[in-house]
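Input: a single structure, listed below in structure tokens.
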Amino acid sequence: TASLTVASNSNKILIVSANAYASSPTLTGITFGAQALTQGNTEIYLADGRADLWYLINPNVGTDTITVTWSGTAGRRTMGGYSFYNVDQSSPIGVIDSTTGSGAPAGGTITPTTVGSMIIDSMMWTSGTAASLTETAGYCIFIGGSDRNGGSQFNLTPTISASNTMNYTNSVSDGTWAWCSMEVKKSIDEWKEEGT
């Protein structure tokens, strides 16, 4: 669990990155207080690990608990949540992408298609020597740890209709990883003109 405060803004979204060292047990659900999140994207590296992104449109304003529920005991887990606003409330998720691999760098690319959208990812370093992950230059990372690291980074101003790299530089090169990403679309402000 983790505590998060959602501010009173328009067109809100809550996004949670959750990762585990093993693909089993499965991630069975995420809640923010009594509100249930929806899975946006996931990637699994064989039996070694998983990276997940979940989201909730219009989360309740205030401080509440993010709860990630697994189907059983899961070792080496990471999780964390973001709150954003000015997000499309009817169709918030655009393009998704995911991949797995080994060695360094770890991560992938995503090509957002909607003007004004942002991109966000989730990473799990699943095996090998303990790594220290460093995010793409200019991006923001908010979770991590020792040994089997989990991470997440986002970019509020990606290049639209072009491939955006969301790699992590690893301190070691002998392990495997799972990575997933998604585009989060901006809300559309409708301008109306009245008069004669």
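The values are calculated or read from the model by the stated rules, or taken from the named source; none is laboratory data. Just so you know, these numbers come straight off a predicted model, no measurement behind them. FYI the Cβ positions are ideal-geometry reconstructions off the backbone, even for glycines, and counts take in every protein chain you see. What goes into the accessible areas is simple: the full protein's heavy atoms, side chains included, and nothing from ligands, DNA or RNA. Shrake-Rupley method; radii C 1.70, N 1.55, O 1.52, S 1.80 Å.
Please arrange MET166, MET79 by accessible surface area, largest first, computed with a 1.4 Å probe and ligands excluded.
Heavy-atom accessible area, descending, gives MET79, MET166.
By its C-alpha gyration tensor, with a ≥ b ≥ c as the square roots of the eigenvalues, how is the stretch 1-138 shaped: rounded for a/c under 1.5, else prolate for a/b larger than b/c, else oblate?
oblate
Calculate, for SER90 and TRP70, the FRET efficiency according to 1/(1 + (r/R0)^6) with r their C-beta to C-beta distance and R0 30 Å; round to the nearest 0.05.
0.45
Please give, to one decimal in nm, the separation of the simple spin-label points placed at VAL115 and THR165, each 7 Å out from Cα toward the Cβ.
It is 2.8 nm.
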